[in-house]
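What follows is a set of notes on a single structure, which appears directly below.
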Amino acid sequence: MADTFTSGTAGRVRVGAGSTIVAGITKWSLKKALSVVRIPHFESTADADGIVHPNHLKGLAGPHTGTMEGYINTDATNVTDGAAIGLTVGATVTLDLLVTRGPKGFLDMSVTITGMTFEVAVENQPARFTAEFEVDGNPGKLQ
């Protein structure tokens, strides 16, 4: 059976009740982390060189962090935007980090924006942003 790979990324930034899309994501990354708790003891496995290889437990997960880049649409008459964009450091937003528009990805993640950069240029360049975020709770599995 042939493999099916996907190209491109997509995403949505929603503010408020979860239905107002305030920005489109052009690039994103998500890092999920887990602490490992080593449990060495006198019965741990050792190799021929006397190196001990202990078992481990799964510890606390997180912090789950990520970055995103995108464009801001400031047209308040556009139905996909609200009158206020609401993107700022400390804001809690809902993200849909999509791998495909199926949709497949990490959906309905509540995140806190921990850093933001806004970029505006002349000559018909769209207003851009980059942001760092931390997931509030479990980001779930890739759906």
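Results, tabulated for the structure shown:
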| quantity | calculated |
| --- | --- |
| Eligible aspartates and glutamates near LYS31 by straight Cα distance, threshold 12 Å, same-chain separation 8 or greater | GLU132, GLU134 |
| Computed FRET value (nearest 0.05) for ARG101 with THR67, which takes r as the C-beta separation and R₀ as 25 Å | 0.75 |
| Cα-projected label distance for THR130 with ALA2, points at 7 Å along beta-carbon direction, nm | 3.7 |
| Candidate aspartates and glutamates for bridging to LYS104, where Cα separation is under 15 Å - those fewer than 8 sequence places away on the same chain excluded | ASP96 |
| Pairwise label distance in nanometres, VAL36 with VAL89, each label 7 Å out on the Cα-Cβ vector | 3.5 |
| Order by protection proxy (mean Cβ within 10 Å, highest first), peptides 25-34, 54-63, 125-134 | 125-134, 25-34, 54-63 |
| Net length gained if the chain between ASN138 and SER29 were fully extended (0.36 nm per residue, minus Cα distance) | 37.7 nm |
| Ordering of 87-100, 110-123, 37-50 by burial proxy (mean other Cβ atoms within 10 Å per residue, highest first) | 87-100, 110-123, 37-50 |
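Rule-based calculations on the coordinates, nothing more; no lab input. Since we're looking at a predicted model, the values are computed, not measured. Neighbour counts run over all protein chains shown; Cβ positions are idealised from the backbone, glycine included.
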